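*Asks:* Encoded as structure tokens, here's the structure I'll be asking about.
The values are calculated or read from the model by the stated rules, or taken from the named source; none is laboratory data. It should be emphasised that the depicted structure is a prediction, and the values quoted were computed from it without experimental measurement. Glycine also receives a Cβ, built like all others from the backbone with ideal geometry; neighbour counts cover every protein chain displayed.
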Amino acid sequence: MLQAFLQGAFELVFPDNCLLCRQFLNSRHQRQLCTTCLGTLALNPIPFSRLKGTVPLSNREQSPSSSFAFDQAWSACLYNEPAQKLLHAFKYNSKTSLSKTFVPLMIDFIDRHHIPLQKFDLISPIPLHPVRLRERGYNQSSLLSLGLSRHYGILHTESLLIRQKMTTTQTELGAKQRWTNMEGAFRIKNPTDVKDKTIVLIDDLYTTGATLNAAAEVLKIAGATRVCVLTLSITI
């Protein structure tokens, strides 16, 4: 945690060059990107929305389940090449200040498509396993969740879910393996915090939905009335 804090403080005081094109950024820049590179991040042109009980055709034979546990899902940006590079820096290179770029993009998407985020009782990030959290020093999804919580006035909590299984990194797995990998990955910390609540889960990337589905499933079993998911990006 100290490493992530120091990195973030350093970047605020001494802005880096643009993370994509390396152009110098003056002291008033807060987003780690020049105007041109910021424009290469593509907002999802329609609100990616998936209703409970549907699975994309490309995944019907790849996932062991024919339906999702979450009720609806939205993704703000397309996972193009610039987004891929920035997300990697955000997750693995302690570029935590990129939340100052990503959260406004998500807010723009939410407001543009009138997504009723403020109607949820709770907003919660997908947790990391404690070992991975210690290694990384921060949870990138928590930074997104906290920023959205502050903007929309939703109660932010990181105590709903516990990641009890040290899973293989999803990026190394095929579609069917991703679903198997996430079985039993999460448990509820305190069911009374979940019962009769509406919850929106926040993550950085939607690929097959396996991680988000596993988290939503345990929330629903614990009594959550509605669980939706919102991610920064979605694979094209």
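*Asks:* State which residue is surrounded by the most Cβ atoms within 10 Å (Cβ to Cβ) when the search covers only the range 27-53 and only residues that are at pLDDT below 70, under 30 Å from T225 (Cα atoms) and within 21 Å of the chain's Cα centre (by Cα).
*Replies:* R50
Residue by residue, here is whether (1) of a type in the set (V, I, T); (2) surrounded by 16 or more Cβ atoms within 10 Å (Cβ to Cβ); (3) modelled with pLDDT under 95; (4) more than 16 Å from the chain's Cα centre (by Cα) holds:
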{"position": "P130", "(1), (2), (3), (4)": "no, no, yes, yes"}
{"position": "R134", "(1), (2), (3), (4)": "no, no, yes, yes"}
{"position": "Y138", "(1), (2), (3), (4)": "no, yes, no, no"}
{"position": "S141", "(1), (2), (3), (4)": "no, yes, no, no"}
{"position": "L144", "(1), (2), (3), (4)": "no, yes, no, no"}
{"position": "S149", "(1), (2), (3), (4)": "no, yes, no, no"}
{"position": "L155", "(1), (2), (3), (4)": "no, no, no, yes"}
{"position": "R163", "(1), (2), (3), (4)": "no, yes, yes, no"}
{"position": "T169", "(1), (2), (3), (4)": "yes, no, yes, no"}
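*Asks:* Output the number of residues of the range 171-196 satisfying the condition of being at pLDDT below 75, part of a loop (DSSP other than H, G, I, E, B) and surrounded by 18 or more Cβ atoms within 10 Å (Cβ to Cβ).
*Replies:* Residues flagged as at pLDDT below 75, part of a loop (DSSP other than H, G, I, E, B) and surrounded by 18 or more Cβ atoms within 10 Å (Cβ to Cβ) within the range 171-196 amount to 2.
Let's see how each residue does on (1) touching a Leu at 6+ places or on another chain (Cβ under 9 Å); (2) without any contact (Cβ under 8 Å) to a residue 24 or more places away in the chain; (3) among the basic types (K, R):
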{"position": "F90", "(1), (2), (3)": "yes, no, no"}
{"position": "V103", "(1), (2), (3)": "yes, no, no"}
{"position": "K119", "(1), (2), (3)": "no, no, yes"}
{"position": "P127", "(1), (2), (3)": "yes, no, no"}
{"position": "V131", "(1), (2), (3)": "no, no, no"}
{"position": "S145", "(1), (2), (3)": "yes, no, no"}
{"position": "L148", "(1), (2), (3)": "yes, no, no"}
{"position": "Y152", "(1), (2), (3)": "yes, no, no"}
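*Asks:* Please specify each residue of the range 140-155 satisfying the condition of being polar (S, T, N, Q) and more than 15 Å from A185 (Cβ to Cβ).
*Replies:* Once the filter is applied, which keeps residues that are polar (S, T, N, Q) and more than 15 Å from A185 (Cβ to Cβ), the range 140-155 yields Q140, S142, S145, S149.
*Asks:* Looking at the structure I just gave you, is D204 at pLDDT 95 or above, charged (D, E, K, R) and buried (at least 16 other Cβ atoms within 10 Å of the Cβ)?
*Replies:* Yes.
*Asks:* So, in the range 13-26, of the ones that are closer than 18 Å to T96 by Cα and at pLDDT 55 or above, which residue ends up surrounded by the fewest Cβ atoms within 10 Å (Cβ to Cβ)?
*Replies:* In this case the residue turns out to be R22.
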